[in-house]
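Down below is the structure, laid out as structure tokens.
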Amino acid sequence: MDPDLVVRAGRLLDGRVVDIAIRAGSIDTVVEHSADRRPGSAIVIEADGRLVTPSFVDAHIHLDKVHTLPMLDDRAIEAYTGDGMAGAATAIEIARAVKTGGYRRETLLPSIRRALQEAVRYGTLQVQAFVDVDTAAGLEGLHAVLAARAEFRAVLDISVVAFPQDGLLRDPGAADLCEQALHQGADVVGGIPWIEHTPADAREHVEWACALAARTGRRVAMLVDDAGDPSLRTTEMLAEAMVRHGLTGRGVACHARATALYPQAALLRLIELAAQARLAFVSDPHTGPLALPVARVRQAGLDVALGQDDIEDAYYPYGRHNMLEVAFLASHLLDLRSGPDQVYLVDMVTTQAARVLGTAGHAVRTAGPANLCIHGQERVVDLLREHAAPRWVVGRGRVVAETATTTTFHRPARQASA
């Protein structure tokens, strides 16, 4: 049987130039390029030696909040990013006004659609979406995200995290709403233990989330240590609880910003605990002034992904759901600039990011899923430098987006000689 689609002369990240045959949504073969090979009746994409990567993965985005910044002023952004993140909790309290002032699925849905459309344009076909589930938001954000997930299901994989943004003990009723969200379609148990008033309350928050995940057979994803306070230690709490509840390899720690301030001995101890729990990490260095010490976590062999985190919301005014743009920013903020570092950055938004979310085999390989980006660049450095939309995006074996740009330069008319 002829393949459905063939990508000819695509350059992989290791430099090989290959032909990729796709049939029934999967990669049938990846073989060395041959100009003599006949594609039969298949649709053909001529990559002409340009890069082909797995499609991108956004391991952390607050999807219900995208494009809600116009509903607020800049006070939350200033509190979250200023004074060494000492005001991070205050920022969350300020941002609550968005939810109390008009959180309705019909008003949220157009912005969510816009963010997902941009995701497809930029080749992001797998998303872990945090959705506020608390007494201010109720389940309105959840219903909006679930509706968008149904609309985009033919193209995108969206894993929904039931996220008690305002805390559990600080927000009585949030725990019940999170359980309702799981019954109604959420996939992952979320948490934000550092927001609680005391370390004991933070531990209770972590214990609740991990116990619920273990009881329902789900993964757990938490925002931990997301402030400029090295005494928080909520990443450590998560790793310990995962081991205790049999969730080894089924948890994600997002942000973990305060670990950048840990004494070295404390950081080493945390890394050992994380390795024992097989805890994965997501860093979003562009949305705050502190970032997980990725180099140390990478050295330990733990998986780290990058996330968009926010798109024009109370915490971050920019964002296009472009994971290459996120990787470009991370290159500067995490001091990752060498050739091998550049390949690692692409891995942090493709194969490694998929592993962080529990998805194995997300790579350009035989029998792998046919989710690919065919780019306009031959070199990884140019891929990151330009962070442009891929020339073609292939999802589930078919072209789902195609982008072409043209610039015409107009020279000034030659002046007549005197």
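The values are calculated or read from the model by the stated rules, or taken from the named source; none is laboratory data. None of these values were measured; they are calculated from a predicted model. No Cβ is skipped: glycine too gets one built from the backbone with ideal geometry, and neighbour counts run over all protein chains shown. To get the accessible areas, we keep the full protein, side chains included, count just its heavy atoms, and leave off ligands, DNA and RNA. Shrake-Rupley method; radii C 1.70, N 1.55, O 1.52, S 1.80 Å.
Per q in 0.19, 0.26 1/Å, what log10 I(q)/I(0) does a Debye calculation on the alpha-carbon atoms of the stretch 335-405 return?
Listed by q, the Debye log ratios stand at -0.89, -1.27.
Across the stretch 277-282, in residue order, what do the Karplus-derived ³J(HN,Hα) couplings come to in whole Hz, using 6.51 cos²θ - 1.76 cosθ + 1.60 with θ = phi - 60° and x for Gly and Pro?
Along the stretch 277-282, the couplings run 7, 6, 6, 9, 10, 10 Hz.
Relative to the Cα centre, what is the charge dipole magnitude of the chain, using +1 at the beta carbon of each Lys and Arg, -1 at the beta carbon of each Asp and Glu, and rounding to the nearest 20 debye?
1200 debye
Taking amide H positions as placed in the peptide plane 1.01 Å from N, state which residues far from Gln126 in sequence (5 or more) or on other chains have amide H under 5 Å from it.
Distant-sequence amide H within range of Gln126: Asp58, Asp157.
Which percent of the accessible heavy-atom area of the stretch 166-211 goes to carbon and sulfur, probe 1.4 angstrom?
That share works out to 52 percent.
Just to be sure I understand: if I project the alpha-carbon convex hull of the stretch 62-129 onto a plane and average over all orientations, what area do I get in nm²?
Averaging across all directions leaves 5.4 nm² for the Cα convex hull.
Would you grab the residues whose amide H sits under 5 Å from the one on Glu378? Only those 5+ places off in sequence or on another chain, please, with H modelled 1.01 Å from N.
Placed amide hydrogens put Leu51 under 5 Å from Glu378.
How big is the Kirkwood radius of the stretch 290-382, worked out from every pair of different alpha carbons and given in Å to one decimal? Spell out each step's value before the answer.
Details: mean 1/r = 0.0689 Å⁻¹.
Answer for the stretch 290-382: a Kirkwood hydrodynamic radius of 14.5 Å.
In terms of modelled amide H atoms, which long-range or inter-chain residues lie less than 5 Å from the amide H of Arg23?
Here Asp4, Asp28 satisfy the definition.
Select from Gly84, Gly102, Ser26 the residue farthest towards the positive end of the dipole of the stretch 1-110; place +1 on Cβ of Lys and Arg, -1 on Cβ of Asp and Glu, and compute about the Cα centre.
Gly102
Using only alpha-carbon positions, what ratio does the radius of gyration of the stretch 262-418 give when scaled by 2.2 N^0.38 Å?
Normalised Rg, Cα atoms only: 1.32.
Contact order normalised by length for the chain, with contacts defined as Cα pairs under 8 Å and 6 or more residues apart; what percent is it? Display every interim value, and only then the final one.
On the way: 942 pairs, mean separation 83.8, N = 418.
Reported relative contact order: 20 percent.
Can you work out the accessible area per residue across the stretch 1-132, with the rest of the protein chains kept in place, probe 1.4 Å, in square angstrom?
42 Å²
I want to verify the translational diffusion coefficient of the stretch 205-322 in µm²/s; compute it with Stokes-Einstein, Rh as the Kirkwood radius over Cα pairs, at 37 °C and 0.692 mPa s.
226 µm²/s
Which percent of the accessible area of the stretch 346-418 is formed by carbon and sulfur heavy atoms (probe 1.4 angstrom)? Let's see the in-between values first.
Values: 2010 of 4170 Å².
Its accessible area is 48 percent carbon and sulfur atoms.
Output wanted: per-residue J couplings in Hz (rounded whole) for the stretch 116-130, from phi through Karplus 6.51 cos²θ - 1.76 cosθ + 1.60, θ = phi - 60°, x for Gly and Pro.
6, 4, 5, 4, 5, 4, 8, x, 8, 10, 9, 9, 9, 9, 7
How large is ³J(HN,Hα) for each residue in the stretch 132-146, as worked out from phi by the Karplus curve 6.51 cos²θ - 1.76 cosθ + 1.60 (θ = phi - 60°), to whole Hz, x for Gly and Pro?
4, 10, 7, 6, 7, 7, x, 10, 5, x, 4, 5, 5, 5, 5
Along each principal axis of its Cα atoms, how long is the stretch 272-326 end to end? Whole angstroms, biggest number first, please.
So the extents along the principal axes, rounded to whole Å, are 36, 20, 17.
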